[in-house]
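Heads up: the structure comes next, in structure tokens.
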Amino acid sequence: MTTATVPVTITINGEPRELGVAPSRTLLDVLRNEAGLTGTKKGCDVGDCGACTVLLDDVPVNSCLVLAVEANGRRVTTIEGIAPDPDRLHPLQENFMALGASQCGFCTPGIIVMAKALLDRNPNPTEEEIRFGLAGNICRCTGYTKIVEAIQVTARQMAADAGKPA
Amino acid sequence: MTSVIGKSVKRTDTLGKVTGGAVYAGDVVLPGMLHGKTKRATVAHARIESIDVGKALALPGVKAILTHADVPRVLHYGSPHPRSASVTQDQYILDTKVRYYGEGVAAVAATSEEIAELACELIEVAYEPLPAVLTVEDALKPGAPSIHDVGPGGNLVLDPFVITRGDPEKGFAEADLIVEGEYGMGRPTPAYMEPNVCVCQWDPLGKLTIWTSTQSPFMVRGTLAEVLGLPLNKVRVLVDHMGGGFGAKQDLFQHEFLCALLAQRTRRPVRMEFTRKETFLGGRTRHPGTVWIRQGFRRDGTITAREARVVFNSGAYGSHGPGVTAVGTAALTSLYRCENVRLEGRCVYTNTPIAGAFRGYGVVQTYYALDILMDEAAETLGMDPAALKLLNAVREGDIAPSNHPITGHGLEDCIRRGIEETGWAARGSRPPAKQTGRLRRGWGMGCEMHGSSAYPGIKEQGNAVVRMNEDGSVTLMTGTTGLGTGAHTALAQITAEELGVKFEDVAVVHGDTDVVPWDIGAFASHTTFMAGRACQMAAAQVKAKVLARAADRLEVSAADLDIRDSVITVKGVPGMSMTVRDAIAAEKGIPAPQLLGEGSYHPTKSYSFAAHFVEVEVDTETGQVSVLQVVPVHEIGKIIHPIAAAGQIEGGIQQGIGHTLSEDFVVDQRDGRPLNASFVDYKMPLAMDMPPIRTIILETAPSDGGPFGAKGVGEDPIIAIGPAIANAIYDAIGVRFRHYPITPEQILAALADKDEAQAA
């Protein structure tokens with residue numbers, strides 16, 4: 001059983017990648033198995049858990065619900081591309097570590113990507129807005145307490161940093 | 001140097017998790033790797049008449065198919081705890097009989113997952129249907145179809161587990177009040193985020209390497225070796241990070257055997273990953289069941305006698321049924337002190353999904369019943385429920401479920417602190433049933449205790465090897481698994497503290513059964529407690545070797561030396577010191593002997609305690625229960641890593657809220673087909689549902705056995721939250737529920753019944 005592949009160009013974490021993908025393959029599958037980016041996790045493969053959340057042109061999507069061909073010519077950001085540069089983590093990553101917001105870690109990439117999208121859109125969210133923003137991301141370990149706290153602390157830090165002279 | 005114990009140092013495992021670099025078993029890709037899939041039964045109980053694999057084998061890309069005719073027929077333990085009576089030998093890799101809907105009947109390896117799936121559809125299985133036994137009641141009926149040939153018969157997994165202490169008849173005769181009730185439990189599942197997955201590869205010398213998501217790598221090694229007929233040094237189990245397990249991933253699953261055999265057959269690496277649906281179907285659930293309890297009380301509230309009958313539904317196989325039944329039943333000897341008890345626990349096969357180990361291990365169910373019954377008794381006695389529980393709380397010297405004496409007054413401390421923190425005495429209107437209005441609020445509390453380690457049920461042992469390298473840095477080798485709790489960080493803290501080096505100087509090696517010391521697995525709240533003590537013992541040996549060498553060089557007695565921050569100082573001689581690095585440096589070009597320490601710790605028994613205080617709001621129009629706040633008070637001896645400990649508590653509460661209000665994996669009562677095997681239909685509490693949690697951790701009853709007095713915390717937080725919520729619902733609306741989950745439909749029906757009764 002062979003399936004014809006379609007050439008696509010997807011800019012993944014800033015780097016244009018030319019890939020041949022079967023039309024039936026999901027973006028999640030192609031990220032993990034073709035692009036070698038296994039940070040994005042498969043928790044359900046049907047859009048229920050949010051573990052595979054990535055940014056598609058800066059909009060968070062369940063990458064298991066997007067066909068890879070739909071991402072042709074578009075930008076995808078995964079957990080591996082969240083840090084501003086190789087030597088520096090995103091403040092969300094720092095705070096998730098420092099505040100215990102990651103336990104088994106399987107939901108963590110999706111939640112950090114979702115939180116980044118939330119803070120990019122709404123730099124000063126209320127607790128309610130944070131919780132609503134995570135409504136599609138299942139975490140079974142933490143009770144969400146420390147995840148919400150890490151996002152709140154990040155928002156405050158980023159606001160304070162933005163106010164500082166460069 | 002300040003102590004690193006009690007500090008929330010940066011965990012060793014989380015950098016990979018926040019950057020995406022952490023490697024889970026499902027991330028492993030090997031050259032030439034094939035993809036395996038399990039063909040699953042679509043009946044709950046049947047004999048397999050025939051399996052036709054012809055069409056499937058003809059599919060291009062299919063490399064191998066296994067049925068029961070192709071695999072070793074060795075009866076094995078699903079949950080392979082050595083040196084333990086808590087498991088039942090009742091499983092084959094593939095059998096000629098199907099015992100639950102979704103059981104594996106064949107397996108395929110193919111060049112892609114899609115082809116393997118398609119091949120599974122093309123496998124034709126002819127079944128001779130047998131009557132499905134879907135409830136405990138049906139399974140226990142005389143003449144019920146027998147699900148297994150092994151075991152005591154009558155669909156029992158084990159002979160009834162019976163405990164008698166004191167004289168229950170006398171105790172009940174002395175009672176002024178006798179309260180009894182039967183409590184029913186649904187079927188929550190662990191629902192860990194990472195579906196089960198493994199990758200298998202054989203080397204040319206006939207050695208199997210398996211990357212798998214397991215809590216118990218050495219149990220995987222032992223059982224694979226036994227069933228496949230290999231020596232232990234021909235099976236290597238690798239697990240770096242894993243995406244949760246909560247107890248269930250102690251079992252060996254069918255796909256782990258099948259993957260190994262497919263890889264052997266095809267001479268290529270094979271990967272098998274569950275879909276989410278398979279994780280429900282072929283996973284492990286908590287034991288559903290019923291708990292009947294009767295307690296006698298004196299007028300002052302003192303308990304005089306307790307009698308209980310526990311019946312757990314094991315599903316299609318024994319798995320942890322014997323252990324869960326023993327631990328859950330024995331738990332009723334304690335929590336609230338009582339000299340006269342008679343308890344009976346039974347565990348019953350049915351043609352439903354397999355129940356296994358799950359955080360709280362039988363105690364979730366039995367303490368749910370006990371703690372609601374205590375509230376019912378308090379009402380009849382005219383007492384405050386917290387006061388009644390405090391009066392009867394287990395204390396120093398009482399005999400624990402394990403038959404060991406309790407140390408300290410942890411439970412009393414938790415109850416008292418919670419009463420203070422919540423302003424319990426002034427918590428609002430009473431009697432509760434007088435509330436009117438659509439939204440009604442109530443408070444409830446529940447208690448629990450749980451052993452650190454599964455000893456003496458399992459003859460456990462924690463091991464560690466600590467090595468100091470030539471530069472003074474330290475390598476800790478542990479066989480424990482990184483389940484996500486932060487335990488490896490705690491082990492590094494303990495090692496650093498004992499040895500006198502900085503936390504950052506300790507690197508943890510784990511996850512390779514060829515390299516690390518044997519470990520029974522990460523479960524039973526015992527990793528920090530038991531493996532932690534072994535680390536402490538191993539570190540102490542290394543420290544002694546370093547000090548002996550330093551003593552020679554400084555020409556002082558080793559007894560006068562200590563290490564702090566990797567610097568050796570001499571007691572009473574300020575200014576005289578030597579770095580660890582200098583002490584272990586080569587002498588005249590000759591390197592120091594190996595600085596190795598090894599610790600093996602056989603645990604004593606210690607119990608951790610908790611009291612959970614909860615406020616709920618019931619919407620009397622929708623039946624919806626919102627948990628408004630939780631104040632969990634835990635006593636765990638000594639906190640090693642405060643943030644990790646609190647994280648365990650918050651996560652356990654999340655699962656406990658789910659158990660109590662929404663989670664129930666249901667099978668169709670006509671044919672045993674699971675009805676809600678997805679995250680949409682199996683409803684867990686998410687970010688929007690979770691209340692603020694104000695965690696309080698006490699260190700008032702340290703353990704003699706645990707490192708620096710530490711005890712376990714993993715199991716505890718899921719236990720007390722359930723009865724606390726049920727009791728709070730009663731406080732809000734005056735309706736007593738004796739089961740979980742308590743659903744909105746049931747609340748509305750109960751309120752309607754109550755209105756009708758009042759009108760009549």
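So, in segment B:277-325, how many residues would count as being of a type in the set (A, V, I, L, M) and under 15 Å from the mean Cα position of the chain (by Cα)?
Here the count works out to 1.
Report yes if residue A:105 is closer than 15 Å to residue B:244 by Cβ and either in the same structural domain as residue A:38 (by TED's automatic domain parsing) or crowded, with 18+ Cβ neighbours inside 10 Å (or both), otherwise no.
yes
Tell me, yes or no, whether segment B:304-312 has at least one residue that is of a type outside the set (Val, Ile, Thr), in contact (Cβ under 8 Å) with a residue 24 or more places away in the chain, in a loop (DSSP other than H, G, I, E, B) and not assigned by TED's automatic domain parsing to the domain that holds residue B:36.
no
Taking segment B:472-506 only, how many residues are in a loop (DSSP other than H, G, I, E, B), away from chain A (no Cβ under 14 Å) and closer than 17 Å to residue B:707 by Cβ?
5
Look at residue B:283 and say whether it is crowded, with 21+ Cβ neighbours inside 10 Å, within 30 Å of residue A:51 (Cβ to Cβ), not assigned by TED's automatic domain parsing to the domain that holds residue B:206 and not β-branched (Val, Ile, Thr).
yes
A quick yes/no check of all residues on (1) of a type in the set (A, V, I, L, M); (2) away from chain A (no Cβ under 14 Å); (3) in contact with a Leu (Cβ under 8 Å, 6 or more places away or on another chain); (4) under 16 Å from residue B:263 (Cα atoms):
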| site | (1), (2), (3), (4) |
| --- | --- |
| B:24 | no, no, no, no |
| B:43 | yes, yes, no, no |
| B:52 | no, yes, no, no |
| B:74 | yes, yes, no, no |
| B:98 | yes, yes, no, no |
| B:104 | no, yes, yes, no |
| B:110 | yes, no, yes, yes |
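Given the conditions (1) farther than 30 Å from residue B:389 by Cα; (2) out of contact with any helix residue (DSSP H, G or I) (no Cβ under 7 Å at 6 or more places or on another chain); (3) at pLDDT 95 or above, report the number of the one that residue B:437 does not fulfil.
With (1) farther than 30 Å from residue B:389 by Cα; (2) out of contact with any helix residue (DSSP H, G or I) (no Cβ under 7 Å at 6 or more places or on another chain); (3) at pLDDT 95 or above applied to residue B:437, the lone miss is (3).
If residue B:592 satisfies every condition in (1) modelled with pLDDT under 95; (2) crowded, with 24+ Cβ neighbours inside 10 Å; (3) of a type outside the set (Asp, Glu) but one, which is the exception?
Exception for residue B:592: condition (2).
Applying the selection to segment B:351-370, what residues are closer than 21 Å to residue B:333 by Cα and over 21 Å from the mean Cα position of the chain (by Cα)?
none
Within segment B:234-241, does at least one residue satisfy the condition of being more than 26 Å from the chain's Cα centre (by Cα) and either over 24 Å from residue B:715 (Cβ atoms) or in a loop (DSSP other than H, G, I, E, B) (or both)?
Yes, that holds for at least one residue.
Do we have residue B:4 as in a loop (DSSP other than H, G, I, E, B) and facing chain A (nearest Cβ under 9 Å) here?
no
List the number of the failed condition for residue B:537; all other conditions in (1) assigned to a helix (DSSP H, G or I); (2) out of contact with any strand residue (DSSP E or B) (no Cβ under 6 Å at 6 or more places or on another chain) hold.
Answer for residue B:537: the failing condition is (2).
Residues to consider are B:100, B:92; find the one that is within 28 Å of the chain's Cα centre (by Cα), among the aromatic types (Phe, Trp, Tyr) and surrounded by fewer than 21 Cβ atoms within 10 Å (Cβ to Cβ).
Every option except B:92 fails the conditions.
Matching residues to (1) within 11 Å of chain A (Cβ to nearest Cβ); (2) surrounded by fewer than 24 Cβ atoms within 10 Å (Cβ to Cβ); (3) within 24 Å of residue B:489 (Cα to Cα):
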residue: B:609; (1), (2), (3): no, no, yes
residue: B:621; (1), (2), (3): no, yes, no
residue: B:642; (1), (2), (3): yes, yes, yes
residue: B:651; (1), (2), (3): yes, no, yes
residue: B:657; (1), (2), (3): yes, no, no
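Within segment B:507-527, how many residues turn out to be among the aliphatic types (A, V, I, L, M) and not in a loop (DSSP other than H, G, I, E, B)?
Final tally of qualifying residues: 3.
Limited to segment A:12-21, what total is found for residues that are surrounded by 13 or more Cβ atoms within 10 Å (Cβ to Cβ) and either away from every other protein chain (no Cβ under 12 Å) or of a type in the set (Phe, Trp, Tyr) (or both)?
Total meeting the criteria: 4.
Being out of contact with any Cys (no Cβ under 6 Å at 6 or more places or on another chain), touching a residue at least 60 places away in the same chain (Cβ under 8 Å), more than 8 Å from chain B (Cβ to nearest Cβ) and crowded, with 19+ Cβ neighbours inside 10 Å is the filter here; which residues of segment A:22-62 pass it?
Residues satisfying the conditions are A:50, A:53, A:55.
Any residue at all in segment A:117-129 that is basic (Lys, Arg) and either in contact (Cβ under 8 Å) with a residue 40 or more places away in the chain or within 8 Å of chain B (Cβ to nearest Cβ) (or both)?
No, every residue in segment A:117-129 fails to be basic (Lys, Arg) and either in contact (Cβ under 8 Å) with a residue 40 or more places away in the chain or within 8 Å of chain B (Cβ to nearest Cβ) (or both).
One line per residue, one yes/no per condition, for (1) surrounded by fewer than 24 Cβ atoms within 10 Å (Cβ to Cβ); (2) within 9 Å of another protein chain (Cβ to nearest Cβ):
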{"residue": "B:661", "(1), (2)": "no, no"}
{"residue": "B:668", "(1), (2)": "yes, no"}
{"residue": "B:676", "(1), (2)": "yes, no"}
{"residue": "B:682", "(1), (2)": "yes, no"}
{"residue": "B:685", "(1), (2)": "no, yes"}
{"residue": "B:697", "(1), (2)": "yes, no"}
{"residue": "B:704", "(1), (2)": "yes, no"}
{"residue": "B:710", "(1), (2)": "no, no"}
{"residue": "B:736", "(1), (2)": "yes, no"}
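The values are calculated or read from the model by the stated rules, or taken from the named source; none is laboratory data. What you see is a predicted model, and the numbers here were worked out from it, not measured in a lab. Because the Cβ atoms are built from the backbone with ideal geometry, glycine has one as well, and the counts that use them run over all protein chains shown.
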